[in-house]
Amino acid sequence: MSVQLRDVAGELAGVLWREHTVYRERSGGVVIRGEHVRRWISLAPTGGRDEVLVRAGRILDGGTTAPARSEAVVPLSAGTGVLAATCRRLLAETAADVAPVAPGRTAPKRSKGSKGSKRSGKAARPKGRGKHTSFGSWVILACVAGVIALYVYSTAMRG
């Protein structure tokens with residue numbers, strides 16, 4: 001069954017996306033990753049003889065995968081066209097779950113562990129601050145400049 005799944009996944013990947021990666025899971029299923037569309041499809045054997053469980057999900061920042069958003073059971077004998085149509089429907093449902101946030105509303109915050117294990121080298125910057133120097137930094141700079149000016153003034157008066 002896993003050899004048949006691998007063949008079907010190869011054909012399906014070519015129909016769905018021009019750029020894709022196909023690999024086998026430990027459980028005997030096959031995963032098709034579309035990095036450019038940030039989505040994945042999984043084909044796994046079910047209890048039925050000629051059926052496959054199709055699941056779809058998102059690829060998060062850093063390359064980790066989010067849990068499946070939708071799934072369906074499809075008979076393998078239905079052919080690649082029916083399987084591709086089912087995958088497109090599941091991918092559309094997955095994309096609809098990530099609809100843009102309306103203006104004036106905030107997006108729901110992610111839990112700490114949902115970002116994945118890969119992190120970028122940049123440190124997180126507080127929102128709304130940008131690259132501008134804060135008021136506290138300006139106060140410290142003014143104090144340092146005042147101390148230097150006082151030292152220069154006192155040295156000039158003595159000498």
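Residue-wise test of (1) surrounded by 14 or more Cβ atoms within 10 Å (Cβ to Cβ); (2) among the hydroxyl-bearing types (Ser, Thr, Tyr); (3) within 14 Å of Thr64 (Cα to Cα).
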position	(1), (2), (3)
Val3	no, no, no
Trp17	yes, no, no
Val22	yes, no, no
Gly29	yes, no, no
Gly34	yes, no, yes
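Just give me the residues in the range 60-87 being of a type in the set (Val, Ile, Thr) and modelled with pLDDT under 85, in sequence order. Break it down into steps so the answer makes sense when it comes.
So the first thing to find is which residues in the range 60-87 are of a type in the set (Val, Ile, Thr), and the list is 64-65, 73-74, 80, 82, 86.
Within the range 60-87, Thr64, Thr65 meet the criteria.
Residue by residue through the range 58-80, note down the ones that are assigned to a helix (DSSP H, G or I), touching a residue at least 12 places away in the same chain (Cβ under 8 Å) and among the hydrophobic types (A, V, I, L, M, F, W, C). Residue satisfying the conditions is Leu76 alone. Of everything in the range 46-87 that is closer than 17 Å to Val22 by Cα and open to solvent by 60 Å² or more (accessible area, probe 1.4 Å), the residue that is nearest to the chain's Cα centre (by Cα) is Thr65.
The values are calculated or read from the model by the stated rules, or taken from the named source; none is laboratory data. Source: prediction; values computed, not measured. A quick note on method: Cβ atoms are made from the backbone with ideal geometry, for glycine too, and the neighbour counts reach across all protein chains shown. Accessible surface areas use protein heavy atoms only, side chains included; no ligands, DNA or RNA. Shrake-Rupley method; radii C 1.70, N 1.55, O 1.52, S 1.80 Å.
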